[in-house]
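Every number here is computed from the coordinates shown, using simple stated rules; none is lab data. Every value quoted in this text rests on a predicted model; they were computed, and no experiment measured them. Every residue, glycine as well, gets a Cβ built from its backbone with ideal geometry; the counts of neighbours run over all protein chains shown.
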Amino acid sequence: MNYRFYYPDWNSRKDVCEKYPQIKEITKEPIAFWYGVGPKRTIRKTKKSIQRLLKRAHPYLPVLVIYSIPNRDLGHHSKGGAKSDDEYLEFIQEFCNSLGDSSPIVIYEPDCIPHMEHMGVVDGMDRMRLVKASIELLSRTNASVYMDIGHPHWLSVSKSVSYLNLCDVHKIRGFALNTSNYHSTESCYKYGKDISERLNNTHFVIDTSRNGNGEGSEHFNPYGRALGTPPTTQTCDEIVDAYLWIKVPGESDGRVNGGPKAGRFSHNLALDLINNKKS
């Protein structure tokens, strides 16, 4: 794919960039925008926000992340999401409507599918039906949609293939790996290639935002991690559409290792990633 990425402005974080000039290592790159619905983020506000972004970005392509599944993160650090299945599907429909004729890159629900492994049979089946309904709506847009399937140390290749099939990955562009995680590009490529070959060479993308030093011994805000390969379509294999910075480097995984609330930007976390970056 020959994606032409949109490079967002960081005016909302201008102060921290002026105080810590090194953070320009992050702000100079095209980074994803995350969307969901919640108490302070109505569906109407989200729709308008997406429309404004697409207007600013044209003719370039932003990367949008849908992150609002009910019982998001199974109540852990990034808990939240839509209050009900009906609200969620309304959000997805309005998300699709907001795209119009544009063709952004869309990452669908980080961790949503792997979390099914930790849900009961009934709750897991309910979530699968919700995912399938959402994918059907998204498949009718011009977006390049990638369904998140976790990372190499979560689901086996066979389980990932099974879930992706059950969730109708064939209706969209492909799947995403390593979203908000730290696993090396090499391990993600091998894992993704094995999955892809069992899915008729389905394409995929890899989040390289924080994987420059691979995974550490801790899952949340681990020390000693580094920025990975900047976003590009020049990848190791044509089956890999892009390396993306889906997780915003410097945004916290949760209140662990001195980090703030999940999703909040921390200059300390950002500087750690920058200072450990391989030259």
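If the cut-off is a Cα-Cα distance under 27 Å, which lysines reach residue 55, setting aside same-chain residues fewer than 8 apart in sequence?
Within reach: 14, 24, 28, 40, 45, 47, 171, 247.
Sort the range 117-160 into rounded, prolate or oblate with this rule: let a ≥ b ≥ c be the square roots of the eigenvalues of the Cα gyration tensor; rounded if a/c is under 1.5, and if a/c is not under 1.5, prolate when a/b is larger than b/c, oblate otherwise.
In terms of gyration-tensor shape, oblate.
Compute the relative contact order of the chain as a whole-number percentage, counting only Cα pairs closer than 8 Å that sit 6 or more residues apart in sequence.
16 percent
Please get the size of the charge dipole for the chain, origin at its Cα centre, with Cβ charges of +1 on Lys and Arg and -1 on Asp and Glu, quoted in debye to the nearest 20.
It comes to approximately 940 debye.
Output ³J(HN,Hα) for the range 157-172: one whole-Hz value per residue in order, computed from phi by the Karplus curve 6.51 cos²θ - 1.76 cosθ + 1.60 with θ = phi - 60°, and x for Gly and Pro.
So the Karplus estimates, Gly and Pro as x, are 4, 5, 5, 4, 4, 4, 4, 5, 5, 5, 9, 6, 4, 5, 7, 10 Hz.
Pull out the extension gain between residue 44 and residue 190, defined as 0.36 nm times the separation in residues minus the alpha carbon to alpha carbon distance; nm, one decimal.
Full extension from residue 44 to residue 190 adds 48.5 nm.
So what are the radius of gyration and Dmax for the Cα set of the chain, in Å?
Computed over the Cα atoms of the chain, radius of gyration and Dmax are 17.5, 51 Å.
How far apart, in nm, are the 7 Å Cα→Cβ label points at residue 74 and residue 234?
Distance between the two pseudo-spin positions: 4.1 nm.
Okay, helix-only estimate at 222 nm for the chain: each DSSP H run of n ≥ 4 adds -39500 (n - 2.57), divide by all residues, round to 500 deg cm²/dmol; what do you get?
The helix-only estimate for the chain comes to -10000 deg cm²/dmol at 222 nm.
If R0 is 25 Å, what FRET efficiency do you get for residue 86 and residue 119 from their C-beta distance, rounded to 0.05? Intermediate values should be presented prior to the final figure.
Values: r = 19 Å, r/R0 = 0.78.
Once the sixth-power term is evaluated, E becomes 0.80.
Considering every pair of different Cα atoms, what Kirkwood radius, in Å, is found for the range 86-228?
Numbers: mean 1/r = 0.0634 Å⁻¹.
Final number for the Kirkwood radius of the range 86-228 is 15.8 Å.
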